[in-house]
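The structure appears below as structure tokens.
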Amino acid sequence: MGYVDEVLEQVKAKNSDQPEFLQAVTEVLETLRPVVDANEELYRKEAVLERITEPDRAIHFRVPWVDDNGQVQVNRGYRVQYNNAIGPYKGGCRFHPSVNLSIIKFLGFEQIFKNSLTSLPMGGGKGGADFDPKGKSDREIMAFCQSFMTELYKYIGADTDVPAGDIGVGAREIGYLFGQYKKIRGVYEGVLTGKGLTYGGSLVRKQATGYGLCYITQELLKKNGTSFEGKTVVVSGSGNVATYAIEKATQLGGKVVTCSDSTGWIYDPDGIDVALLKDIKEVRRARLTEYAKERPSAEYHEGRGVWSIKCDVALPCATQNELLIDDAKTLVENGCQYVCEGANMPTTLDATEYLTSNGIQFIPGKASNAGGVATSGLEMSQNSERLSWSEEEVDAKLQSIMANIFKNIDSAAAKYGMEGNYIAGANIAGFEKVVDAMIAQGVC
Ligand code: NDP
Ligand code: 2IT
């Protein structure tokens, strides 16, 4: 049996209760075959694949907090520190009721390769809790964040592990987490990214994932001799990534006609009104039904359905496994040509296979959503030198990082005879740098 198959079998046997984690590992290892085959003897001896698939450590902890009725609630918090071969652990925290070890491990594993692709010195990690921020008061959110940090602070630091936001964790939560870290440690340091602009945050970090997604999509379009101009774009989600993807795609000349949340979706043939969307989601923290009420051109539908709308470009920006095989078939049937992932692993393995084998050009999340963590890396640099860069400077760096990622995944795929396979290109380009660093640092 080949080395990849042996390790895949071991990983499956050891983690049979972790479907999302196994999905991520399977996708990565399957596409690394050509690199692994070319270096099999060395990689086996160094147990490179066994080491990269096993996190350095996975911490889970109790998070007790008091709700507005005086009732004590208990959630489970996590931090998985996956790999720090090329820099301190770096990755977001997700607060969502679905969070479990499988989800945090899949996200942490993906983060290793994503962070490597940014070309900045960041290792891979991820954290979160099965806490549901929906319907909670500000005081309850603060109580939860403070309790979460009261345990997490032991494991993180500006040179150790630097968490940030993800689903359910935005500027408000990062503020509460930062305040509690500072209070407990008595240290003012860049221990979190995505901070507010008045206390060490970076301009453009809020917009970075969505903007970066559009910048790399633009590179792909350019390679095909075209641009966003005049294209119909469908987006899923209506959170941080979706909102700024809609904003940038629109600025670049595309017409974005959908968005969604976990209860329903909007079809707006006149193009999504980003100012209204921001007001509803960022200020009022309300549901998308409000959007349809205030925008005569829009239809609101219960359930899921954005992939049924005819489009040229599809940008899944909500969550894992939200684009299924039947959605892939509909996209192909409707003439969609480009799918670039804003979320982490939004496309199932069979849907990905269907899209790519039916001529759709596909950029995987670890490359196309890397603009968020890349700008977190820029926030860390600014914190270290105690300076703040201008919006133009950060945005220019983000654009150049995304263009560079596209170039690297394109050439990594071509180097191994898989021209246009950006999944293989992203995994290979991300992996090669980390493995080189792991081997250079010995068995640790
Ligand atoms: P937000 O919490 O801001 O928004 C998430 C959006 O996705 C909301 O519209 C939410 O709807 C929807 N959603 C979440 N879970 C589900 C679900 N189970 N079913 C259907 N819809 C769901 O998160 P972000 O925008 O930050 O993150 C979106 C994706 O992008 C995630 O996969 C995340 O890991 C990834 N990502 C985020 C980065 C960042 O910088 N924030 C960077 C790179 C990737 P509702 O409000 O109803 O729950
Ligand atoms: O999935 C991701 O890359 C993020 N949620 C952002 C991580 C970060 O450290 O900015």
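Among TYR176, TYR244, the order by Cβ neighbours within 10 angstrom, fewest to most, reads TYR176, TYR244. For the listed residue pairs LYS14/LYS45; LYS231/LYS310; LYS114/LYS134, the alpha carbons are over 18 angstrom apart in LYS14/LYS45; LYS114/LYS134. Projected onto their three principal axes, the Cα atoms of segment 340-444 cover extents of 49, 38, 23 Å, largest first.
If each DSSP helix of 4+ residues adds -39,500 (n - 2.57) and the sum is divided by the residues in the chain, what number results at 222 nm, nearest 500 deg cm²/dmol?
It comes out at -15000 deg cm²/dmol, rounded to the nearest 500.
The Rg/Rh ratio for segment 142-200, using Cα coordinates for both the radius of gyration and the Kirkwood hydrodynamic radius, is 0.91. Taking a span of 20 Å or more along the helix axis (Cα atoms) and a mean Kyte-Doolittle hydropathy of at least -1.0 as the rule, the DSSP H helices of the chain that qualify are 101-117, 138-152, 171-185, 205-223, 370-385, 391-415, 422-440. Counting only Cα atoms, segment 208-251 measures 31, 19, 16 Å along its principal axes, largest extent leading. Overall, segment 1-76 carries a charge dipole of about 300 debye about its Cα centre when +1 sits on the Cβ of Lys and Arg and -1 on the Cβ of Asp and Glu, all other atoms neutral. Among the listed pairs LYS366/LYS397; LYS90/LYS415; LYS281/LYS366; LYS206/LYS433, a Cα-Cα separation exceeding 20 Å is found for LYS90/LYS415; LYS281/LYS366; LYS206/LYS433.
Scaled against the 2.2 N^0.38 Å expected of a compact globular protein of N residues, the Cα radius of gyration of segment 250-399 reads 1.17.
Among LYS45, LYS433, which comes first, then next, by fewest other beta-carbon atoms within 10 Å? List each step's numbers first, then the result.
Values: LYS45 9, LYS433 17.
With the sparsest Cβ surroundings first, the list reads LYS45, LYS433.
Stokes-Einstein, applied to the Kirkwood radius of segment 1-122 over Cα pairs at a viscosity of 1.002 mPa s and 20 °C, places its translational diffusion at 133 µm² s⁻¹.
What FRET efficiency comes out for the pair ARG139/ALA171, r = Cβ-Cβ distance, R0 = 22 Å, nearest 0.05? Efficiency at R0 = 22 Å is approximately 0.80.
The Kirkwood hydrodynamic radius of segment 280-367, based on inverse pair distances between different Cα atoms, is 14.0 Å. Dimensions of segment 250-310 based on its C-alpha atoms, expressed as ranges along the principal axes with the largest first, amount to 28, 26, 19 Å. Normalised size of segment 395-444, defined as Cα radius of gyration per 2.2 N^0.38 Å with N residues, equals 1.34.
Each of SER202, LEU220, GLY420 was placed along the dipole of the chain (beta-carbon charges, centred on the mean Cα), and the one lying farthest toward the positive end is SER202.
The charge dipole of the chain, taken about the Cα centre with unit charges on the Cβ atoms of Lys, Arg (+1) and Asp, Glu (-1), comes to about 1080 debye, rounded to the nearest 20. Between HIS301 and SER384, residue separation times 0.36 nm minus the direct Cα-Cα distance comes to 25.2 nm.
How fast does segment 183-337 diffuse by Stokes-Einstein, in µm²/s, taking the Kirkwood radius from C-alpha pairs at 20 °C and 1.002 mPa s?
On the way: Rh = 16.5 Å.
In µm²/s, the coefficient rounds to 130.
Available extension along the chain between LYS407 and SER98 is 107.7 nm, counting 0.36 nm per residue and deducting the alpha carbon span.
Considering only alpha-carbon pairs that sit under 8 angstrom and 6 or more positions apart, the relative contact order computed for segment 228-295 is 28 percent.
Considering Cα pairs under 8 angstrom that are at least six residues apart, work out the relative contact order of the chain and quote it in whole percent.
15 percent
The convex hull around the C-alpha trace of the chain, projected and averaged over every direction, spans 20.7 square nanometres.
Just so you know, all these numbers are worked out from the coordinates, no wet-lab data involved. These numbers come from a predicted model, not from an experiment. Please note: Cβ atoms are built from the backbone with ideal geometry, for glycine as well, and neighbour counts cover all protein chains shown.
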